[in-house]
Amino acid sequence: MSDVVPIKLACLDLAGTTVGDIAMVERAFAEAIATQGIVPGTGAYARAMVHVHRSRGCPKIDVFRGIFPGNEAQAQAANLTFERSYEGALERAGLVPMPGVLEVLDKLRGTGIKLALITGFSRTTLSRVLGVLGWHDKVDLAISPEDAGGRGRPWPDMVLHAVLRLGVEDVRHVAVIGDSESDMLCGRRAGASVVAGLMTGVHSRERLLKGGATHILDSMADVPGLVLSDDLGTTQVASSAR
């Protein structure tokens, strides 16, 4: 394809994309809303967890604001419980990278591609995650919504923050990789030329395409073959993504 530009920055999601902590995250959400009176076995709990599922990738405080609309104090209290619960689980169980992720990170950086992790976790939780994983030297930048002015996915701000911080001259040189619809919306709104949805998370192929995925991949192991390709058009392009 004549309009293909080389990828110089890959923005990678955490949960469900580079690390396999989906169950840990959902347990922390369940514990958080339980402290606010929404307990398993009730209709309110089922509705809240549906909202959690649909909001994957969004800032955690925004998820709680959606569960407790108009009650900022309750949302903040639930968010604090979430952070304590998740960080406690980190201390007890640690975190495991998705299969092949470390090799992928090394391969991409070895070719000169800069790497940025983007997440809906707070800056404090993100720092804990990086410490548990030992990834401070694996990526060039790790971004929480707070680092980008407070707006997380599906807004494009975290990707654009990475572009500015890492000196990438054109958003078309960016690939955004994630497993949720909000990841796809964020990448498309930022102008990234590659917005790849992974089938390793909680959102279906249809949800990823709805969000604007340009490519659908089975796992992170497929990412180098996409972003290092001389012709992205030879990779499976989701033409129905728009």
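The values are calculated or read from the model by the stated rules, or taken from the named source; none is laboratory data. Remember, predicted model here, so these are calculated numbers, not experimental data. Virtual Cβ from ideal backbone geometry, glycine too; neighbours counted across all protein chains shown. Surface areas here come from the heavy atoms of the whole protein model, side chains and all, with no ligands, DNA or RNA. Shrake-Rupley method; radii C 1.70, N 1.55, O 1.52, S 1.80 Å.
Selection among VAL63, VAL39, VAL176 by position relative to the dipole of the chain gives VAL39 as farthest towards the positive end (Cβ unit charges, Cα centre).
For the set ASP230, ASP222, ASP170, the ranking by accessible area, highest first and with no ligand, DNA or RNA atoms included, is ASP230, ASP222, ASP170 under a 1.4 Å probe.
Computed with a 1.4 Å probe on the full set of protein chains, the accessible area for SER229 sits at about 30 Å². Shown are GLU91, GLU72, whose ranking by accessible area with a 1.4 Å probe and every protein chain present, most to least, is GLU91, GLU72.
Cα centroids of region 1-75 and region 107-183: 17 Å apart. Mean projected area of the convex hull spanned by the Cα atoms of region 1-86, taken over all viewing directions: 7.9 nm².
Please get the size of the charge dipole for the chain, origin at its Cα centre, with Cβ charges of +1 on Lys and Arg and -1 on Asp and Glu, quoted in debye to the nearest 20. Magnitude of the dipole: close to 500 debye. With all pairs of different C-alpha atoms in the average, the Kirkwood value for the hydrodynamic radius of region 122-179 is 12.4 Å. Kirkwood hydrodynamic radius for region 101-232: how many Å is it when counted over pairs of different Cα atoms? Computed over region 101-232, the radius equals 14.9 Å. Rolled with a 1.4 Å probe across the full set of protein chains, the surface gives MET199 an accessible area near 80 Å². Taking all protein chains together, HIS215, HIS136, HIS53 sort by accessible area into HIS136, HIS53, HIS215, largest first [probe 1.4 Å]. When the helices of the chain are scored as -39500 (n - 2.57) per DSSP H run of n ≥ 4 and the total is divided over every residue, the value at 222 nm lands at -13500 deg cm²/dmol. Normalised by the number of residues in the chain, the mean separation of alpha-carbon contacts (under 8 Å, six or more apart) gives a relative contact order of 24 percent. Taking one quarter of the surface of the C-alpha convex hull of the chain gives a mean projected area of 12.5 nm². Solvent-accessible surface of the chain, taken per residue with a 1.4 Å probe and all protein chains present: 43 Å². Using all pairs of distinct alpha-carbon atoms, the Kirkwood hydrodynamic radius of region 56-148 works out to 14.7 angstrom.
Structure remark: mean-square fluctuation, Gaussian network model of the chain, C-alpha springs under 10 Å; the largest value among VAL101, VAL176, VAL194 belongs to VAL101. Rolling a 1.4 Å probe over the protein heavy atoms of region 1-113, with every protein chain left in place, gives an accessible area that is 55 percent carbon and sulfur. Relative contact order of region 1-117, taken over Cα pairs closer than 8 Å and 6 or more residues apart, is 43 percent.
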